[in-house]
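Every number here is computed from the coordinates shown, using simple stated rules; none is lab data. These numbers were taken from a predicted model, which means no experiment stands behind them. Here the Cβ positions follow ideal geometry from the backbone for every residue, glycine too, while neighbour counts run over all protein chains shown.
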Amino acid sequence: MSAQPASEPEFLQRFQAGSTGMLYWSDLDALWARLRERADEHWYVYAVGDAVPQAPVSAEDFRRFLEEVDRLLRQDHDEDYCGIVYVDDREAPSFVKIFDPNNLGSSCGSSGLRVLPGWVLSQVPPVDLEAAMPPTGSRRRWWQRLFGGAR
């Protein structure tokens, strides 16, 4: 009897699912308001590249994160539009991707290179995105040419 392949974690399914961008700052304000209302609903705050959180944050810490990340986005993304925050459902958010204004590349993927978000807010336990989403083949080939082999 052969083993069935492990199913993809729900976090990755949600990460790869479609999402809606908060184009205007007023859209982001509305999203933050909904999230603050739902702060006690067991949110994981995952800073991509750091250790994967093993437990949700407290409602107080979640609200504090929203306040601080809003301040950072408005300061570092000095544009008339937002466009760097994506949500699964505007009315009942449960998964939010926040791109770092200082590491945008092409968050939509139009350049062919995937840029991971800076932070993910999720109601399901996160997985290590850097390990789960390895560089594209072209990036891997570049790396291999640079150092003459796989690393």
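Net charge around Asp50, counting only other residues with Cβ within less than 12 Å of its Cβ (Lys, Arg = +1; Asp, Glu = -1)?
Working: positive: none; negative: Asp128, Glu130.
Around Asp50, the surrounding residues sum to -2.
Summing +1 for each Lys or Arg and -1 for each Asp or Glu among the other residues whose beta-carbon sits under 14 angstrom from that of Phe62 gives -3.
Counting Lys +1, Arg +1, Asp -1, Glu -1, what net charge surrounds Asp76 among other residues with beta carbon under 14 Å of its beta carbon? All intermediate terms of the calculation are to be shown ahead of the outcome.
Working: positive: Arg71, Arg74; negative: Glu68, Asp70, Asp78, Glu79, Asp100.
Around Asp76, the surrounding residues sum to -3.
Considering all different alpha carbon pairs of the range 1-78, the Kirkwood hydrodynamic radius works out to 15.0 Å. For the range 24-67, rounded, prolate or oblate, judged on the Cα gyration tensor with a ≥ b ≥ c (square roots of eigenvalues), a/c < 1.5 rounded, else prolate if a/b > b/c? Cα axes put the range 24-67 in the oblate bin.
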